[in-house]
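The values are calculated or read from the model by the stated rules, or taken from the named source; none is laboratory data. Predicted model, so just to flag it, every value in this text is computed and none were measured. Counting neighbours? That spans all protein chains shown, and the Cβs are built from the backbone with ideal geometry, glycine included. These area figures cover heavy atoms from the full protein model, side chains too; ligands, DNA and RNA do not enter into them. Shrake-Rupley method; radii C 1.70, N 1.55, O 1.52, S 1.80 Å.
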Amino acid sequence: MKLWGGRFSKSTDKSVDDFNSSIRFDSRMYKQDIRGSQAHAKMLGKQGIISKEDSELIVKTLGEILVDIEDGKVDFTIDAEDIHMNIETILISRIGDVGKRLHTGRSRNDQVALDTRLYLRDEAEELSQMLDSLLSSLLDIADKNLDTIMPGYTHLQKAQPITFAHHIMAYYEMFSRDKSRLCDWKERMNILPLGSGALAGTTYPLDRDFVAKELEFSDITKNSIDGVSDRDFVCELAFVLSMIMVHLSRFSEEIILWSSNEFSFVELDDAYSTGSSIMPQKKNPDIAELARGKSGRVFGDLMGLLTMMKGLPLAYNKDMQEDKEQIFDAVDTVKMCLPVFEGMLSTMTLRKDKMLRGAKGGFTNATDVADYLVKKGLPFRDAHAVVGKMVAYCLDKDTVIDALTLDEFKSFSDIFTDDVYDAISLETCVNMRKIVGGPAKDTMKKIIDEYRK
Ligand code: ARG
């Protein structure tokens, strides 16, 4: 008979067991379920709601069940529907009536809310460490490339010269925002829902603060209806994960472009690329493509969660069981992407010569030519027009501004003198941009050192 079977005269149809049960995917929360139940049982004993001996036996047996699960000695069954009732059933099978006292003052509704919080909090900790590791690899790469000049782009058209360090540190900013979003998320979600009961709290004198402390929550939920029906923390985490995937995906797109023959800015390590079954010359950036592609499924998880929640009346509805596969998928996907992406990044070889050649073409110093004129007194709009004419001239002659003779320079404006060559060299262009946030070597180095601390 089901744990809840008292009022039923028939057992559920086999198809209903299949349809209704979540053990297939929520079994992964066994550790959190046991931890939560142990804290609950301890509190029940402390409050005299159950006897001290019963409380201790429950806590001890749950510990044994945990060991058995980890040793692969426990089979879960769909008859017991979900991880909560599976573990409770096993407990009862081991200690009989004592085990039946565990669920006093608790509902599966506040239990699942608790387990999900505990589980995602643990996963977020791992994600946070993965982000730390990626961030530190990015710092290493940037530190080694403070002088590596490359073209910066807007509209995927060459714009101004930057350094590879500068470019990489842009991703550092994105991933550190992801990290801080994860911290904010934890701050908001780290509250104990247990004690909300099914939706209306309970008449037992539970000590919620004690349980919160046991489970390392910083507070307790203040409304039992919301306590069981809130899945904001699931959606919010899915958003944080989606944002990480947006960043990985944009980065991937660049890696894919950079490793193309047309760019040739980077070469991926053999260990992080794949070949073609037919074209012998191919070396494909599959890791980056998969990371880009997998962003779609994480966004789908977020969209699925929001859609699942949007029409639900208060409080708990079974629809909410659907949160798990989606958030688990999102977590798993990001956890899979981050380390392999980091491995790909830190093993790729930079083709600095190709980057420099790229920066030399495409008039990336045109702004600096205009700025040169401005510094000598010409209004910026006039300078812009002069340089525009120079670019058109160079395009016609298939040359670049730096290659013009001083006479040619002077034919566009007599302000030009022979200090122009120095003023518009790529090194000058980069290193004059000392402004905080700019690519100049010293500025960049300062930021990298600061971040390392
Ligand atoms: N497996 C369920 C879930 O994930 C647990 C809560 C079930 N509560 C209930 N009253 N049916 O949401």
Task: Matching residues in segment 332-355 - criterion: being crowded, with 16+ Cβ neighbours inside 10 Å and either within 16 Å of the ligand (Cβ to nearest atom) or hydrophobic (A, V, I, L, M, F, W, C) (or both) - done: Val334, Cys337, Leu338, Phe341, Met344, Leu345, Met348, Leu350, Met355
TODO: Might you let me know whether segment 353-368 holds any residue that is touching a residue at least 12 places away in the same chain (Cβ under 8 Å), in a helix (DSSP H, G or I), among the acidic types (Asp, Glu) and farther than 30 Å from Asp232 by Cα?
DONE: yes
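Pick from segment 98-113 the residues that are of a type in the set (S, T, N, Q) and over 22 Å from Ile327 (Cα atoms): which of them is nearest to the ligand (Cβ to nearest atom)?
Ser107
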Open item on the list: Against the definition (in contact with a Phe, Trp or Tyr (Cβ under 9 Å, 6 or more places away or on another chain) and surrounded by fewer than 22 Cβ atoms within 10 Å (Cβ to Cβ)), how does Lys100 come out, yes or no?
Closed with: no
Open item on the list: Can you find, within segment 15-40, the residue that is most open to solvent (accessible area, probe 1.4 Å) among those that are over 20 Å from Met320 (Cβ atoms) and not polar (S, T, N, Q)?
Closed with: Lys31
Task: Counted residues, segment 313-331 - those being surrounded by fewer than 14 Cβ atoms within 10 Å (Cβ to Cβ) and in a helix (DSSP H, G or I) - done: 2
Task: Residue list for segment 159-188, filter: modelled with pLDDT of 95 or more, surrounded by 16 or more Cβ atoms within 10 Å (Cβ to Cβ) and farther than 25 Å from Asp449 by Cα - done: Trp185, Lys186
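Which residues, taken from segment 1-14, are surrounded by 14 or more Cβ atoms within 10 Å (Cβ to Cβ) and over 39 Å from the mean Cα position of the chain (by Cα)? If you could, list the steps in order and put the result at the bottom.
Filtering segment 1-14 for residues surrounded by 14 or more Cβ atoms within 10 Å (Cβ to Cβ) gives 2-3, 12.
Listed by number, the residues that qualify are Lys2, Thr12.
Which one of these is open to solvent by 30 Å² or more (accessible area, probe 1.4 Å), within 16 Å of the ligand (Cβ to nearest atom) and among the hydrophobic types (A, V, I, L, M, F, W, C): Leu206, Leu199? Quick ask: steps written out before the conclusion?
Values: Leu206 fails: within 16 Å of the ligand (Cβ to nearest atom).
Testing whether each residue is open to solvent by 30 Å² or more (accessible area, probe 1.4 Å), within 16 Å of the ligand (Cβ to nearest atom) and among the hydrophobic types (A, V, I, L, M, F, W, C) leaves just Leu199.
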- [ ] Could you tell me whether any residue of segment 293-313 is within 16 Å of the ligand (Cβ to nearest atom), in contact (Cβ under 8 Å) with a residue 24 or more places away in the chain and among the aromatic types (Phe, Trp, Tyr)?
- [x] no
Task: Condition met for Arg94 (farther than 19 Å from Leu44 by Cβ, part of a helix (DSSP H, G or I) and either of a type in the set (Lys, Arg) or touching a Pro at 6+ places or on another chain (Cβ under 6 Å) (or both)) - done: no
- [ ] Go through segment 418-436 and give me each residue that's surrounded by 11 or more Cβ atoms within 10 Å (Cβ to Cβ) and out of contact with any helix residue (DSSP H, G or I) (no Cβ under 8 Å at 6 or more places or on another chain).
- [x] Glu427
